[in-house]
Amino acid sequence: MIKYLFIDGGCLRVSLDRMAAIYSGGALLDLDYSTLTRDYSKVFYYDALPERKPDENDQTYYARITPQRQFFDRLCSLDRFHVYEGDVRRSSSRRGPEQKKIDVMIAVDMLTHSFRRNMHEATLLTGDLDFKPLIDALVQGGMFVNLWYPPGTTSIELIAAADRSWPLNILSVYDALGTPRPFVIPKAYGQPSKGDYAPVLAKWPVDGGEATLMKDGETFGDYVVDKPRRIC
């Protein structure tokens with residue numbers, strides 16, 4: 001079974017930042033991308049370097065983009081990985097800088113590999129509804145399409161368009177965090193919530209609900225999820 005993975009790098013980056021804010025206090029999640037993508041024959045990664053600000057000189061700009069450039073170079077050095085760069089341009093709308101060419105490159109590559117039958121399955125990592133026509137075309141052309149999407153921000157229309165889908169959450173990247181793990185994922189239990197029966201230490205959103213960490217005497221780590229479905 002030949003499976004290709006196509007990654008919307010901007011989507012992955014934002015998703016990892018959200019996970020880091022919840023689980024590691026904002027510290028960068030350093031993934032082993034070979035482990036994360038071990039089930040795929042080839043991996044295609046699409047992203048763009050940050051736009052140069054009007055008041056930046058060469059030295060300041062290159063210093064700012066160096067970490068991301070090094071990250072691209074790191075991915076390029078991995079077996080099975082291919083990195084393609086688009087542009088970031090100032091948008092006339094209020095949304096600010098926008099990536100250009102990324103969606104076109106992803107669409108062309110996925111359609112080309114599908115038409116040539118280079119793969120048996122295609123997986124697209126994104127949450128952008130603009131890719132729905134692409135997924136529709138691939139499915140109608142006979143390709144089996146998976147969607148790996150950020151939960152909570154991806155429309156149901158995009159999720160429903162794919163043949164199979166699963167959330168891009170902390171559980172799906174945890175094995176790629178290396179050993180020892182930088183943190184332990186709280187375990188969810190199917191018991192009804194008791195409410196805030198002890199002093200609350202912290203609260204954070206969990207897939208449409210809320211998790212609460214309390215201290216009951218000398219005991220820590222009592223997690224209560226108001227709407228338990230999955231940890232994300």
- On average, how much accessible surface per residue is there in segment 16-157, in Å², for a 1.4 Å probe, leaving out ligands, DNA and RNA? 56
- Query: Rg to Rh for segment 9-86: what is it, with Cα atoms only and Rh by Kirkwood?
  - Reply: 1.01
- Message: If packing is taken as the average count of other Cβ atoms within 10 Å, what order do 1-10, 36-45 fall into, highest mean first?
- Response: 1-10, 36-45
- Size descriptor, Kirkwood hydrodynamic radius, that averages inverse alpha-carbon separations across segment 131-179, Å: 11.9
- Which length gain, in nm to one decimal place, applies between residue 183 and residue 166 when the Cα-Cα distance is subtracted from 0.36 nm times their residue separation? 3.8 nm
- Query: At a Förster distance of 30 Å, what's the computed FRET efficiency of residue 22 paired with residue 137, Cβ-Cβ distance as r, to 0.05?
  - Reply: 0.25
- The Rg/Rh figure for segment 98-148, Cα atoms and Kirkwood Rh, to two decimals is 0.94
- Item | Highest-first arrangement of 159-168, 61-70, where packing means the average Cβ count within 10 Å | 159-168, 61-70
- Based on alpha-carbon positions alone, could you give the equivalent ellipsoid semi-axes of segment 1-49 from the gyration tensor, as √(5λ), descending, whole Å? 23, 13, 8
- Note on the structure: For segment 112-168, the percent of accessible surface on carbon and sulfur atoms (probe 1.4 angstrom, ligands and nucleic acids excluded) is 53
- Query: What distance in nm separates the simple spin-label points at residue 120 and residue 157, each placed 7 Å from Cα in the Cβ direction?
  - Reply: 3.3
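The values are calculated or read from the model by the stated rules, or taken from the named source; none is laboratory data. The model shown is predicted, which means the values in this text are computed figures rather than measured ones. Every residue, glycine as well, gets a Cβ built from its backbone with ideal geometry; the counts of neighbours run over all protein chains shown. With ligands, DNA and RNA removed, areas are computed over all heavy atoms of the protein, side chains included. Shrake-Rupley method; radii C 1.70, N 1.55, O 1.52, S 1.80 Å.
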